[in-house]
Amino acid sequence: MNFEHLIRPVQIGVINWRGMYTLYCKEVYRFMKVSMQTLAAPIVTSVLFMLVFALALDGRASPFEGASYMQFLAPGLVMMAVLQNAFANTSSSIMIGKVQGNIVDILMPPMGSLELLVALSLGGITRGVLVGLISMTILSFVANLGLPQNILAASTFLLLGSCAMSLIGVLAGIWAAKYDSLAAITNFIIQPLSFLSGTFYSIERLPDMIERFAIFNPFFLVIDGFRFGILGMNDGPVLGGLIALFVLNVALFAVSYYVLESGYKLKS
């Protein structure tokens, strides 16, 4: 008896590479289809921030010697856009799937939790990095920035920051039951941490008590490390921030994997 017609056309090994790649492409296509909202809008926002501060604080002394205030501001604005968009991509993808009822489309295929998590996270990282690269290119002309002082450090903090926020977005999207819950996370956690991250000022200007807490803000660690890569100047310990962000990413990945594997609020 011939069983050839029962053989699956696609052989899946230990890791479903094709499924993972397909889901990643789907995530990229999803935000590219509305690129005016997902890419252009945050870039325009960053440019407007830069122009407003250029007019309001023209001639203000920079927190760092050898760099203007606009040069100090540019890397922070870039990373703030990167972090917010990496979070928004994964959280909105899962939230939309849950609300519209098509989350089953990514849960039913022969893909494990690890493959789902990697594909979703890479989608958020891709959006964050694209926003960062375009914003950095435009703001470099506005702020008259030169070449990055340490391209490896800048790239590392860019990837670690966008990865962390993508994973947080996965957790937020799974936890949130409706758009209001997701908006609450954005408005009361993500936005405050963004604006209290030293984007617009040096944390050395904060009172000592607040500065001790600010230095543990992961947004500050990412922005300060990225600023070091671009300008060669920083407020906090770069190596310490790098280690802390790496540990944070590992912890977030483990928690996200556990939540996906358990099916919390997805399979129940």
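Name the one entry in Thr137, Thr90 that is surrounded by fewer than 16 Cβ atoms within 10 Å (Cβ to Cβ) and either touching a Gly at 6+ places or on another chain (Cβ under 6 Å) or free of Cβ contacts under 8 Å to residues at least 40 places away in the same chain (or both).
Of Thr137, Thr90, the one residue that is surrounded by fewer than 16 Cβ atoms within 10 Å (Cβ to Cβ) and either touching a Gly at 6+ places or on another chain (Cβ under 6 Å) or free of Cβ contacts under 8 Å to residues at least 40 places away in the same chain (or both) is Thr137.
List pairs: first residue in the range 110-132 and surrounded by fewer than 24 Cβ atoms within 10 Å (Cβ to Cβ), second residue of a type in the set (S, T, N, Q) and outside any helix (DSSP H, G or I) anywhere in the structure, Cβ distance under 7 angstrom, at least six positions apart or on different chains.
Here the result reads Pro110/Asn16; Met111/Asn16; Glu115/Asn16, each pair linking the range 110-132 to a residue that is of a type in the set (S, T, N, Q) and outside any helix (DSSP H, G or I).
Just one of the numbered conditions (1) touching a residue at least 12 places away in the same chain (Cβ under 8 Å); (2) under 23 Å from Leu160 (Cα atoms); (3) touching a Leu at 6+ places or on another chain (Cβ under 9 Å) is not true of Gly66; which one?
It is condition (2) that Gly66 fails.
Which one is modelled with the lowest pLDDT, of the residues in the range 28-70 that are among the charged types (D, E, K, R) and open to solvent by 80 Å² or more (accessible area, probe 1.4 Å)?
Asp58
Being closer than 18 Å to Glu115 by Cβ and either touching a residue at least 24 places away in the same chain (Cβ under 8 Å) or open to solvent by less than 80 Å² (accessible area, probe 1.4 Å) (or both) is the filter here; which residues of the range 251-263 pass it?
Leu252, Phe253, Ala254, Val255, Ser256, Tyr257, Val259, Leu260, Glu261, Ser262, Gly263
Scan the range 111-121 and give yes if some residue there is in contact with a Leu (Cβ under 7 Å, 6 or more places away or on another chain), in a loop (DSSP other than H, G, I, E, B) and small (Gly, Ala, Ser), otherwise no.
no
Could you give me the residue pairs with C-beta distances under 9 Å whose first residue belongs to the range 187-211 and is among the basic types (Lys, Arg), whose second residue is at pLDDT below 85 wherever it lies, and which are 6+ apart or on separate chains?
What qualifies is Arg205/Pro63; Arg205/Glu211.
Helices (runs of 4 or more DSSP H) wholly in the range 183-236 with at least 1 residues that are aliphatic (A, V, I, L, M), open to solvent by 10 Å² or more (accessible area, probe 1.4 Å) and modelled with pLDDT of 85 or more - which ones?
Once the helices (runs of 4 or more DSSP H) in the range 183-236 are filtered for at least 1 residues that are aliphatic (A, V, I, L, M), open to solvent by 10 Å² or more (accessible area, probe 1.4 Å) and modelled with pLDDT of 85 or more, what remains is 191-195, 218-231.
Please pick out the residue among Ala154, Ala176 that is open to solvent by less than 80 Å² (accessible area, probe 1.4 Å) and more than 18 Å from Gly241 (Cβ to Cβ).
Matching residue, one of Ala154, Ala176: Ala176.
The values are calculated or read from the model by the stated rules, or taken from the named source; none is laboratory data. All values reported here derive from a predicted model rather than from experimental measurement. FYI the Cβ positions are ideal-geometry reconstructions off the backbone, even for glycines, and counts take in every protein chain you see. Ligands, DNA and RNA are excluded from the accessible area calculation, which covers all protein heavy atoms including side chains. Shrake-Rupley method; radii C 1.70, N 1.55, O 1.52, S 1.80 Å.
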